[in-house]
Amino acid sequence: GSWLASAAFACWPAAKEALSLSAMLMLQLRFDGSFRAGGAGGAAAVLSKDGVVWWEGARFVPSCVTSSHAEFEGLILGLEAARALSPDALRVEGDCRVVIDQMSGKARARKLSEPAGRAREALARLPLGSAPSFGAIVREENARADALARAAVDVAQALHNRHDP
């Protein structure tokens, strides 16, 4: 059902209060995706430049068709969250080179044009003072987003199995 596709996230109130204390808010967005038969999970974490988590979230995506598509879903979720935090600058990092290269303009989206287009639209809605930077990181540096993406799939599949034995 549609309940499987709902977003789940948390926004830390103390982080929002700190927004007014910072003259220049520079945030880091880390995203990931987890793809399995029956659906995928997209997840992201938004952190301060010193690694404090300001927001993290994940969502189950039942209609996802590839692992790169799942990665884009995580990126889109993170961009939506970053928009709410209104950063002046944003560094976007993920362990999927395909997504990083497409979003940074190093490669063109062909098969993934739909999620890439939605990611670019979400990026355009960010109230940034400068263009975001993109960078690839190794999987070990992306453990938080990876765990969230896997959890989104695990929870959705457990709920499905519980309701539809």
message: Ala107 - would you say it is farther than 15 Å from Val46 by Cα, free of Cβ contacts under 8 Å to residues at least 12 places away in the same chain and in contact with an Asp or Glu (Cβ under 6 Å, 6 or more places away or on another chain)?
response: yes
statement: Only unsatisfied item for Ser86, checking (1) touching a residue at least 60 places away in the same chain (Cβ under 8 Å); (2) of a type in the set (S, T, N, Q); (3) in contact with a strand residue (DSSP E or B) (Cβ under 9 Å, 6 or more places away or on another chain), is (3)
- prompt: For segment 135-146, what are the residues that are in contact (Cβ under 8 Å) with a residue 40 or more places away in the chain and hydrophobic (A, V, I, L, M, F, W, C)?
  reply: Ala136, Ile137, Val138, Ala145
query: Among the numbered criteria (1) without any contact (Cβ under 8 Å) to a residue 40 or more places away in the chain; (2) more than 23 Å from Ala40 (Cβ to Cβ); (3) surrounded by 15 or more Cβ atoms within 10 Å (Cβ to Cβ), which single criterion is violated by Ile100?
result: (2)
query: Taking into account only those residues within segment 26-38 that are over 14 Å from Leu90 (Cα atoms) and out of contact with any helix residue (DSSP H, G or I) (no Cβ under 6 Å at 6 or more places or on another chain), which is surrounded by the fewest Cβ atoms within 10 Å (Cβ to Cβ)?
result: Ala37
- prompt: Out of (1) open to solvent by 60 Å² or more (accessible area, probe 1.4 Å); (2) more than 18 Å from Leu27 (Cβ to Cβ), the odd one out for Arg125 is which?
  reply: (2)
- prompt: Any chance segment 54-74 includes a residue that's of a type in the set (A, V, I, L, M), open to solvent by less than 50 Å² (accessible area, probe 1.4 Å) and over 13 Å from the mean Cα position of the chain (by Cα)?
  reply: no
field: Selected residue (criterion: farthest from Gly33 (Cα to Cα)) from residues of segment 110-134 that are in contact (Cβ under 8 Å) with a residue 40 or more places away in the chain and among the aliphatic types (A, V, I, L, M)
entry: Leu128
statement: Among Ala151, Ala89, Ala81, the single one that is crowded, with 17+ Cβ neighbours inside 10 Å and either farther than 21 Å from Cys64 by Cα or at pLDDT 90 or above (or both) is Ala81
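The values are calculated or read from the model by the stated rules, or taken from the named source; none is laboratory data. Here the structure is a predicted model, which is why all the values come from computation and not from measurement. Methodologically, a virtual Cβ is constructed for each residue, glycine included, from the backbone with ideal geometry; neighbour enumeration extends over all protein chains shown. Heads up: the accessible areas ignore ligands, DNA and RNA and are worked out on the full protein's heavy atoms, side chains in. Shrake-Rupley method; radii C 1.70, N 1.55, O 1.52, S 1.80 Å.
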